[in-house]
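Below: one structure, written as structure tokens.
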Amino acid sequence: MTDRNAKHATFTIERVYPATPARVFKAWADKEAKTAWAYCHAEWPVSDHVFDFREGGREHLVTGPRGGTRHVFDAVFLDIVPDQRIVYAYDMHLDRRRISVSLATIELFAVAGGTRLVLTEQGVFLDGYDDIEGREEGTKIGLDNLGRAFADQRAA
Amino acid sequence: MTERSTKHATFTIERTFSAPPSRVFAAYADAKSKARWFGGPEDWEKSNLKLDFKVGGRESVSGGPPEGPIHYYNAIYQDIVPDERIVLTYELHLDKTRISVSLGTTEFKPLGSGTRLLYTEQAVFLDGYDDAGLREQGTRGLFDNLARSLEMQ
């Protein structure tokens, strides 16, 4: 029998990007654009990706090392304010095990020279999966990838 | 144009009930049982509570004082472990305005022949319409109703 427990945690990450809020928003709102940066292991093949960006719409992504553990991301978009805010809930599975459920808030603020992004994740980590630092690190990798995407576009 | 803002907050409520976890859990899992305790104050006009109690299933209920506004509660079930745990996300609207989105974890633990219930809400309150203090107060009222409903059975 699984030993049930729940650990709650919140973390916040901020980044400033040299792009307008509209461009940063588009990097979240468009399937192709998001795929280019959002995943902390770019080398993992994606076997299934559904992306329906509207309130009540879902994102479903299956990835993971070849032949290894399947990482399943299931999200539902709950609040969308164009160019300003996205709130979504998501859960993560490793194979069949649900390891966490999170509420994520993305806020975009226009600042001199670009956009300040504030990501807040409020999560419950389930049944002994408690690598909350790992989640935060993985999220930072994605946001840094996004920063590089804007820097590359400026250089090009 | 609406001035956009967010306030993130977490609160925890702990309650004990003399009923065992299976009975307290049943008060969440069945639409009729849940409607007995979950909703606004007595004098509100309410819709029927709709509940599809499974992972990925939805729940909705609305109600409000005669003069308005109407409060709309919409939830999605994220994790269900029978007699042990329920994780859901829910949003509240006042009329057409979304005022919050929350992640709610309810844990049911045996305590003697009764139950210790632990509720944790992680919420984002939107655009200045509500706050954690009011929400916690309202939620405590719901657990008072739940306690009464369990005693009456």
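The A and B chains share an interface that buries close to 2400 Å² of accessible area, total over both sides, probe 1.4 Å. Net charge dipole, the protein assembly as shown: roughly 360 debye, given to the nearest 20, about the Cα centre with Cβ charges of +1 for Lys and Arg and -1 for Asp and Glu. Give me the base-10 log of I(q)/I(0) for the range A:3-133 at each q in 0.15, 0.16, 0.20 Å⁻¹, Debye formula, one uniform scatterer per Cα, rounded to two decimals. Debye curve over Cα of the range A:3-133, log10 I(q)/I(0) at q = 0.15, 0.16, 0.20 Å⁻¹: -0.78, -0.89, -1.29. Treat chain B as a sphere of radius equal to its Kirkwood radius over Cα pairs and apply Stokes-Einstein at 37 °C in a medium of 0.692 mPa s; give the translational diffusion coefficient in µm²/s, rounded to a whole number. The estimated diffusion coefficient comes to 205 µm²/s. Legend: residues in the range A:119-137 shielded by at least 50 square angstrom of accessible surface upon adding the remaining protein chains to the isolated chain (1.4 Å probe, heavy atoms) are A:Gln122. FRET efficiency for the pair A:Ser47 and B:Lys50, taken as 1/(1 + (r/R0)^6) with r the Cβ-Cβ distance and R0 = 41 Å, rounds to 0.75. The Rg/Rh ratio of the protein assembly as shown, with both radii computed over alpha carbons and Rh defined as the Kirkwood radius, is 0.99. For peptide A:2-13, the mean count of partner chain Cβ atoms within 10 Å of a residue's Cβ comes to 3. Spacing of the modelled spin labels on B:Arg58 and A:Ala33, each 7 Å from Cα toward Cβ, amounts to 2.7 nm. For chain B, the longest principal axis of the alpha carbon atoms and the long axis of helix B:132-152 meet at an angle near 30°. Annotation: per residue accessible area for the protein assembly as shown equals 48 Å², rounded to a whole number [probe 1.4 Å, protein chains only]. Provide the FRET efficiency to the nearest 0.05 for the A:Leu94-B:Ala31 pair, computing r from the beta carbons and using R0 = 35 Å. E between A:Leu94 and B:Ala31, to the nearest 0.05, is 0.60. For the range A:21-62, the alpha carbon convex hull comes to 73 Å³ per residue, rounded to a whole number. When all protein chains stay in place and ligands, DNA and RNA are ignored, the 1.4 Å accessible-area order of A:Phe109, A:Phe11, largest first, is A:Phe109, A:Phe11. Exposure check, 1.4 Å probe, all protein chains in place: A:Val50 carries approximately 70 Å² of accessible surface.
When the Cα positions of A:Gly134, A:Pro18, A:Trp44 are compared along the charge dipole of chain A, A:Pro18 comes out farthest toward the positive end, with charges on each C-beta of Lys, Arg, Asp and Glu. Which translational diffusion coefficient, to the nearest whole µm²/s, is obtained for the range A:76-156 from the Stokes-Einstein equation, given a Kirkwood hydrodynamic radius over C-alpha pairs, 25 °C and 0.890 mPa s? It comes out at roughly 169 µm²/s.
Checking the cross-link pairs A:Lys7/A:Lys140; A:Lys7/B:Lys54; A:Lys34/A:Lys140; B:Lys54/B:Lys96; A:Lys26/B:Lys54 against a 25 Å limit on the alpha carbon distance flags B:Lys54/B:Lys96; A:Lys26/B:Lys54 as lying beyond it. The stretch between B:Glu14 and B:Glu42, if pulled fully straight at 0.36 nm per residue, gains 7.7 nm over its current Cα-Cα span. For B:Phe143 and B:Glu3 in one chain, what is 0.36 nm times their gap in residues minus the Cα-Cα distance, to one decimal in nm? Length gained, B:Phe143 through B:Glu3: 47.0 nm. For Cα pairs less than 8 Å apart in space and 6+ apart in sequence, what is the mean separation divided by the residue count of chain B, i.e. the relative contact order in percent? Reported relative contact order: 29 percent. Taking each DSSP H run with n ≥ 4 as -39500 (n - 2.57) and averaging over every residue of the protein assembly as shown yields -7500 deg cm²/dmol at 222 nm.
Residues of the range B:114-128 that bury at least 50 Å² of accessible area when the other protein chains are present, relative to the chain alone (probe 1.4 Å, heavy atoms, ligands and nucleic acids excluded): B:Gln122.
The values are calculated or read from the model by the stated rules, or taken from the named source; none is laboratory data. Everything quoted here is computed from the prediction, not taken from an experiment. Note: ideal-geometry Cβ built from the backbone for every residue, glycine included; neighbour counts use all protein chains shown. Surface areas here come from the heavy atoms of the whole protein model, side chains and all, with no ligands, DNA or RNA. Shrake-Rupley method; radii C 1.70, N 1.55, O 1.52, S 1.80 Å.
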